[in-house]
Amino acid sequence: MISKSAKPKTTTEYVNAAPKQARKKLREMRTCIRAAAPGATESLKWGMPSFSYRRILVTFAAHKNHIGFYPTPSAVKAFSDDLRGFHTARGSIQFPLEKPLPLALIRKITAFRVREAVEKDGKWRT
C-alpha cells in the first residue's frame, strides 16, 4: 500500500513510493501493460496507475500481500478459466507478491481490454 501522507502524482512516483518488495513487480506490470497497449495514456486514476485510450483500459496497485490488477468485470469474466489459480472479484485480480507475475496472461487481458475499448466500451471514461 502507498503512504497516505505523500500522494504520488505520476506512475513513477507511485512505484517508488510502494513497499520495496512490490516495486519490481509494479515495474514488470507497467512494462507488460505498456507493450500490450501501445499508445495508451498513462496516469493515476483513483490513486492507482492506469492506462487509457478514450476510456480506462486497466489499473493496478500495490497491496500488502499482492498486486491488484483491475481490468473491468468483462475481462475477469472472459478469462475466468485462466484465472482459476488466483483470487478474483467482480472486476479485480490478485497476484501474490511471493509468486511470479503471469505476464503472458496480463498481456492477453490488456489486449482484450484494448479491443473492447476500441470496439464498444462505454463504461469507464477518462
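General remarks:
- Flag if Arg34 is under 11 Å from the mean Cα position of the chain (by Cα) and among the charged types (D, E, K, R): yes
- Of all the residues in the stretch 45-77, those that are over 12 Å from Ile33 (Cα atoms) and either touching a helix residue (DSSP H, G or I) at 6+ places or on another chain (Cβ under 6 Å) or polar (S, T, N, Q) (or both) number 8.
- Residue in the stretch 3-14 that is modelled with pLDDT under 95 and among the hydrophobic types (A, V, I, L, M, F, W, C) present: yes
- If you go through the stretch 4-31 and keep only what is surrounded by fewer than 20 Cβ atoms within 10 Å (Cβ to Cβ) and under 10 Å from the mean Cα position of the chain (by Cα), you end up with just Arg30.
- Taking the numbered list (1) modelled with pLDDT of 95 or more; (2) under 14 Å from the mean Cα position of the chain (by Cα); (3) among the aliphatic types (A, V, I, L, M) in turn, Val114 passes all entries but (1).
- Yes/no for Ala61 being of a type in the set (A, V, I, L, M) and open to solvent by 30 Å² or more (accessible area, probe 1.4 Å): no
- Any pair with Cβ under 6 angstrom, 6 or more apart, that starts in the stretch 33-48 at a residue that is open to solvent by 40 Å² or more (accessible area, probe 1.4 Å) and ends at one that is not in a strand (DSSP E or B): Glu42/Thr11
- Residue check for Arg90: at pLDDT below 95, of a type outside the set (S, T, N, Q), under 21 Å from Thr10 (Cα atoms) and in contact with a helix residue (DSSP H, G or I) (Cβ under 7 Å, 6 or more places away or on another chain): no
The values are calculated or read from the model by the stated rules, or taken from the named source; none is laboratory data. No experiment lies behind these values; they were computed from the predicted model shown. Every residue, glycine among them, receives a Cβ derived from its backbone with ideal geometry; neighbour counts consider all protein chains shown. For the accessible areas, the whole protein counts, side chains as well, though only heavy atoms, and no ligand, DNA or RNA atoms are used. Shrake-Rupley method; radii C 1.70, N 1.55, O 1.52, S 1.80 Å.
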